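Chemist: After the structure tokens below, expect a handful of questions from me.
The values are calculated or read from the model by the stated rules, or taken from the named source; none is laboratory data. Being a predicted model, the structure only gives us computed values, none of them experimental. Ideal geometry is used to build each Cβ from the backbone, glycine not excepted, and the neighbour counts take in all protein chains shown.
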Amino acid sequence: MRLTLFALLTATALLASAAIAQTSEITISKKEASRIGELIFYNECAGDEALLTSWNRGEGFPSLGIGHFIWYPTGSSGPYKESFPELIRFINTDGVAIPGWLEEAIKSGAPWLSRDDFLGAQDSQQMQELRSLLSQTRPIQTEFMIRRLHRSLPRMLASVPYAEQTHIRQQFERVAATPMGYYVLVDYVNFKGEGAHSTERYQGQGWGLLQVLQHMQGQETGDRVLTEFADAALALLTRRIHLAPPERHEERWLNGWTTRINTYRPGSSR
């Protein structure tokens, strides 16, 4: 009996590993990637290169690049996944020269300790060099976000019980199969994360891509898929606001989040 049980557990583990490993490679043309990058640049920076270096009011970190990648100040951390240092390492591997001060700062944290410090440095040489780098590497930043999406599916599958993995993969593939599907998936992962990290929760409830895919229950294809995704995302972000600590006043972001989510819907002017 023990041997049979061990064999069963081993087989189950192997099946789960195989399910995770069988995620297909994401293939996006250069034209589509460029379009995705432009849409995300507009979502995050309103198409304004001055907003490539931002620090939103009420947040404890700057948001940098076309995807407003998070970079925590030296000596601090937070619940959200930090992505800017990883982006800079990715840019560096592409052969792009990185300013010396930035290479050093990546090892320890953002050199501005507060939003006031950051805003006061907007005309500094360091900030000008940073904005120039982020402006020149927009296609590389898009590639970085697409690669993050590709890595996100195995991570999401690994974070849920085996019985749920087929549903997550099916919903992911339903969205990806639509004409704007990869934009929706890349943007949402960049916007609100994978949802696989336990720290990205309020009262145990998440709002990332994983939770949106779990919320979706449809089987049909076509435009209805994107409507379903947008409805699920908005429902979860609204729930997030209700569960958030009151002092964060997250309701102030709902209009902007809704505008962004509505770009996922069929017929969006984007």
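Chemist: Restricting to segment 156-212, name every residue that is among the aromatic types (Phe, Trp, Tyr) and under 15 Å from the mean Cα position of the chain (by Cα). Full working, then the answer.
Modeler: Applying the first criterion (among the aromatic types (Phe, Trp, Tyr)) to segment 156-212 yields 162, 172, 182-183, 188, 191, 202, 207.
Residues satisfying the conditions are PHE172, TYR182, TYR183, TYR188, PHE191, TRP207.
Chemist: Looking at THR142, THR221, which is the one that is of a type in the set (Ser, Thr, Tyr), assigned to a helix (DSSP H, G or I) and out of contact with any Ser or Thr (no Cβ under 6 Å at 6 or more places or on another chain)? Working first, answer last.
Modeler: Values: THR221 fails: assigned to a helix (DSSP H, G or I).
One residue alone meets the criteria, THR142.
Chemist: Select, from GLN141, GLN165, GLN171, GLN128, the only residue that is without any contact (Cβ under 8 Å) to a residue 40 or more places away in the chain and not basic (Lys, Arg).
Modeler: On the way: GLN141 fails: without any contact (Cβ under 8 Å) to a residue 40 or more places away in the chain; GLN165 fails: without any contact (Cβ under 8 Å) to a residue 40 or more places away in the chain; GLN171 fails: without any contact (Cβ under 8 Å) to a residue 40 or more places away in the chain.
Matching residue, one of GLN141, GLN165, GLN171, GLN128: GLN128.
Chemist: Out of VAL184, VAL225, VAL212, VAL189, which single residue is over 23 Å from PHE144 (Cα atoms), buried (at least 18 other Cβ atoms within 10 Å of the Cβ) and hydrophobic (A, V, I, L, M, F, W, C)?
Modeler: Details: VAL184 fails: over 23 Å from PHE144 (Cα atoms); VAL212 fails: over 23 Å from PHE144 (Cα atoms); VAL189 fails: over 23 Å from PHE144 (Cα atoms).
Just a single option satisfies the conditions, and that option is VAL225.
Chemist: Can you find, within segment 241-266, the residue that is surrounded by the fewest Cβ atoms within 10 Å (Cβ to Cβ) among those that are closer than 27 Å to PRO179 by Cβ and touching a residue at least 40 places away in the same chain (Cβ under 8 Å)?
Modeler: Filtering segment 241-266 for residues that are closer than 27 Å to PRO179 by Cβ and touching a residue at least 40 places away in the same chain (Cβ under 8 Å), the one surrounded by the fewest Cβ atoms within 10 Å (Cβ to Cβ) comes out as PRO266.
Chemist: How many residues are surrounded by 14 or more Cβ atoms within 10 Å (Cβ to Cβ) and at positive phi if we restrict to segment 62-116?
Modeler: Adding up the residues that qualify gives 3.
Chemist: I would also like to ask the following. Out of (1) at pLDDT below 95; (2) in a loop (DSSP other than H, G, I, E, B); (3) in contact with a Leu (Cβ under 9 Å, 6 or more places away or on another chain); (4) over 13 Å from MET180 (Cα atoms), what's the single condition that is false for THR199?
Modeler: Failing condition for THR199: (3).
Chemist: Every residue in segment 197-209 that is buried (at least 18 other Cβ atoms within 10 Å of the Cβ) and more than 14 Å from HIS150 (Cα to Cα), please. Working first, answer last.
Modeler: Of the residues in segment 197-209, the ones buried (at least 18 other Cβ atoms within 10 Å of the Cβ) are 200, 206-209.
Within segment 197-209, GLU200, GLY206, TRP207, GLY208 qualify.
Chemist: Okay, next question. For segment 145-176, which residues satisfy the criterion of being assigned to a helix (DSSP H, G or I), closer than 17 Å to GLU194 by Cβ and among the hydroxyl-bearing types (Ser, Thr, Tyr)?
Modeler: SER152
Chemist: If the requirement is being over 16 Å from the mean Cα position of the chain (by Cα), not β-branched (Val, Ile, Thr) and not in a helix (DSSP H, G or I), which of these qualifies: GLU103, GLU59? Spell out how you get there, then give the answer.
Modeler: Values: GLU103 fails: not in a helix (DSSP H, G or I).
Among GLU103, GLU59, only GLU59 is over 16 Å from the mean Cα position of the chain (by Cα), not β-branched (Val, Ile, Thr) and not in a helix (DSSP H, G or I).
Chemist: Taking the conditions exactly as written (part of a loop (DSSP other than H, G, I, E, B) and touching a Leu at 6+ places or on another chain (Cβ under 9 Å)), does ALA232 satisfy them or not?
Modeler: Numbers: part of a loop (DSSP other than H, G, I, E, B): no; touching a Leu at 6+ places or on another chain (Cβ under 9 Å): yes.
Here the answer is no, as ALA232 does not meet what is asked.
Chemist: Let me ask another. From the list ALA158, ALA176, ALA163, which one is surrounded by fewer than 15 Cβ atoms within 10 Å (Cβ to Cβ) and within 24 Å of GLY67 (Cβ to Cβ)?
Modeler: Working: ALA176 fails: surrounded by fewer than 15 Cβ atoms within 10 Å (Cβ to Cβ); ALA163 fails: within 24 Å of GLY67 (Cβ to Cβ).
Only one candidate passes the filter, namely ALA158.
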